[in-house]
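J.: Pasting in a structure now, in structure tokens, and then I'll have a few things to ask.
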Amino acid sequence: QVELAESGGGSVQAGGSLRLSCAASGETYNQHFKRDTTYMAWFRQSPGKKREGVASITSGLRTTYADSVKGRFTASKDNAKNTIYLQMNNLKPEDTGVYYCAADPWDYGLSSQYYFWGLGTQVTVSS
């Protein structure tokens, strides 16, 4: 089992910033996920929309971003702490939604095929 716990959500005004964190733990993660074969990602879901991939990051720190957030969001990872981060700058009202952390032994990029998911954290951006 892999457990993912998001934190850092909140309410900000347009143009503001937030940093989300996702800590991975569990016996499966610690014993079977290799440093160079672990993939994690951030997703979000807003009312009336499907869940969309926001950013993905490999254990080698290679990142991929959705066009809607490229240049504003930055994903990073602390391999020693088994934690990924999402620095969100210049937030817009359309960024509002529940943000989820996901992990998988395979690289699914921004697709929704990740096996392990966190419970999500709310991000609200007002104008």
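J.: Sort Y85, Y115 from largest to smallest accessible area, using a 1.4 Å probe on the heavy atoms of the protein chains. Present the calculation step by step, with values, prior to reporting the outcome.
T.: Numbers: Y85 35, Y115 170 Å².
So, going from the largest accessible area down, we get Y115, Y85.
J.: Taking N as the number of residues in the chain, what is its Cα Rg relative to 2.2 N^0.38 Å?
T.: Expressed relative to 2.2 N^0.38 Å, the Cα Rg reads 0.99.
J.: Given points 7 Å out from each Cα along the Cα-Cβ axis, report the N90 to R51 separation in nanometres with one decimal.
T.: Result for the modelled spin labels: 2.9 nm.
J.: Carbon-plus-sulfur fraction of the accessible area of the chain, 1.4 Å probe, in percent?
T.: So the carbon and sulfur contribution to the accessible surface is 46 percent.
J.: Enter the accessible area per residue of the range 1-81 (Å², integer; probe 1.4 Å; all protein chains in place).
T.: Per residue, the range 1-81 has an accessible area of 57 Å².
J.: Once phi is turned into ³J(HN,Hα) by the Karplus curve 6.51 cos²θ - 1.76 cosθ + 1.60 with θ = phi - 60°, what whole-Hz value does each residue of the range 115-127 show in order, with x for glycine and proline?
T.: Listing the rounded values in order: 8, 9, 9, x, 8, x, 9, 7, 10, 10, 10, 9, 10 Hz.
J.: OK, next. Quick one: Karplus J couplings for the range 7-18, per residue in order, coefficients 6.51, -1.76, 1.60, θ = phi - 60°, nearest Hz, x for Gly and Pro?
T.: After applying 6.51 cos²θ - 1.76 cosθ + 1.60, I find 7, x, x, x, 10, 9, 7, 3, x, x, 9, 9 Hz.
J.: When the chain is modelled as a GNM with alpha-carbon springs shorter than 10 Å, which of W42, W117, W106 fluctuates the most?
T.: In the Gaussian network model the winner is W106.
J.: Along the positive direction of the dipole of the chain (beta-carbon charges: Lys, Arg +1; Asp, Glu -1; about the Cα centre), which of A103, M40, S76 reaches farthest?
T.: The listed residue farthest towards the positive side: S76.
J.: Order of 95-104, 9-18, 51-60 by packing, highest average Cβ count within 10 Å first?
T.: Ranking, from highest mean packing down: 95-104, 51-60, 9-18.
J.: Also: Mind checking the full-extension length gain between S126 and R72? Use 0.36 nm per residue of separation minus the Cα-Cα distance, one decimal, nm.
T.: Additional length available on full extension: 17.8 nm.
The values are calculated or read from the model by the stated rules, or taken from the named source; none is laboratory data. Predicted model only: the values in this text are computed from it and were never measured. Counting neighbours? That spans all protein chains shown, and the Cβs are built from the backbone with ideal geometry, glycine included. Side chains are part of the model used for accessible areas, which takes the heavy atoms of the whole protein and leaves out ligands, DNA and RNA. Shrake-Rupley method; radii C 1.70, N 1.55, O 1.52, S 1.80 Å.
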